[in-house]
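The values are calculated or read from the model by the stated rules, or taken from the named source; none is laboratory data. Worth saying up front: this structure is predicted, and the values here are computed from it rather than measured. Don't worry about glycine lacking a Cβ; one is built from the backbone with ideal geometry, like all the others, and counts go over all protein chains shown.
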Amino acid sequence: MQTDDLGIARTYAAVLLDLATEKGLVEQVMRELDQFQQVLDQMPSLEKVLSSPAIGRRDQVGLISQVVSGRVCDLTCRFLGSVAARGRMRLFRSMVQQYRRICDDRLGLLDVKVGLARQPDQAAKIGLQDRISGVLARPIRLTVRLDPDLIGGVVIHIRGLRIDNSIKGRLDRAIGFVRTGVKEAYHGL
C-alpha cells in the first residue's frame, strides 16, 4: 500500500472513531466493520464490484445500502456509503486496520501475537496474557497461533519486534555461537 493510501485510510478511520466516540458506539462500529469485512471475505465478487472503477459510485452506494441496511447502526451505514461515494472501497480493509490501531493506541492496548507448539488451555492462555501484560505494563490483545515448527517454548510478536524464546530458537542460537567460536579458534591457530 502506498503512503498516500495509508494516510487516507488513517484519516477516514480517525474521523469515524471521533464520531463513534461522540455517540458511544466505538465497540459497536468495530464489530460492524469486522462483520462487513467478513461478508467481503465470503463474497470476493462483492468486493471486486465495490472496488471497481467501472461500476458507478451511486450503484456501489446502493449495493452497500442493500447489504448493510438494518444490520448495522446508522453511523456505520453512512460511513460505508461515504467511502463508496468517494471511490475509496479499495482502502476499506486498511481503514478497518487503522480504526483498530487508533482505538488500541487511545486505550494503550498492544496487539501481541504468540506462536506456540501446542494449543494452551484457557487458564494457560490467561496466565500468558497476564504475564506479558505485566512485563509490558500495558493491556494487551493476545492472539495465539500454533506453529508446527516449534518444539516448545514461545515466539512473541509485538509491533514488528520478534522475541524468540522457543527451544528451536535457542538451539539455532547455540549452534551459531559454536560455529562462531570454532571459526575464531581455527583462525587463531
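Right, Asp147: at pLDDT below 90 and either surrounded by 11 or more Cβ atoms within 10 Å (Cβ to Cβ) or within 25 Å of Met30 (Cβ to Cβ) (or both) or not? Criteria not met by Asp147.
Which number in (1) outside any helix (DSSP H, G or I); (2) within 17 Å of Asp105 (Cα to Cα) marks the one condition that Pro53 misses? For Pro53, the failing item is (2).
Of all the residues in region 82-99, those that are more than 14 Å from Leu6 (Cβ to Cβ) and crowded, with 17+ Cβ neighbours inside 10 Å number 3.
The residues in region 4-31 that are buried (at least 18 other Cβ atoms within 10 Å of the Cβ), more than 23 Å from Arg71 (Cα to Cα) and small (Gly, Ala, Ser) can be counted, and the count is 1. Residue pairs whose Cβ atoms lie under 7 Å apart, separated by 6 or more positions or on different chains, with the first residue in region 131-145 and β-branched (Val, Ile, Thr) and the second in a loop (DSSP other than H, G, I, E, B), are Ile140/Leu109; Val144/Pro120.
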